[in-house]
Amino acid sequence: MCLATPVQVKKILNNFAVVEGGKKIDVSLVPNLHKGDYILVHADLGINKLEKEEALKIIALSAECHHQHPENHIAAGGVVHARE
């Protein structure tokens, strides 16, 4: 199973952004993006921009789910890795 996750933009390079964790994301679908914005990411593709409050709320919920189900790990970019 894969999920889209919010990440904060650290640097913009044309149609790509470097986000938290140093991962490079294609943001060609996200207009008017600025350093410090939060975006929803799935499979190394920026889907849309999020308000900071909404992004932090999702991040907190993800952390809570991880705490309750430590066998799963949600990586930056929205990929859930089931630990066996």
What number of residues within region 1-42 satisfy the criterion of being in contact with a strand residue (DSSP E or B) (Cβ under 9 Å, 6 or more places away or on another chain), without any contact (Cβ under 8 Å) to a residue 24 or more places away in the chain and of a type outside the set (Val, Ile, Thr)? 10
Residue pairs, Cβ under 8 Å, 6 or more apart or interchain, first in region 44-72 and more than 12 Å from residue 7 (Cβ to Cβ) and modelled with pLDDT of 95 or more, second assigned to a helix (DSSP H, G or I) and among the aliphatic types (A, V, I, L, M). List them. none
Per the filter on region 4-28, residues assigned to a helix (DSSP H, G or I) and more than 18 Å from residue 58 (Cβ to Cβ) are 22
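The values are calculated or read from the model by the stated rules, or taken from the named source; none is laboratory data. This structure is a prediction, so every number in the text was calculated from the model and none was measured. With ideal geometry, Cβ positions are generated from the backbone for all residues, glycine too; neighbour counts draw on all protein chains shown.
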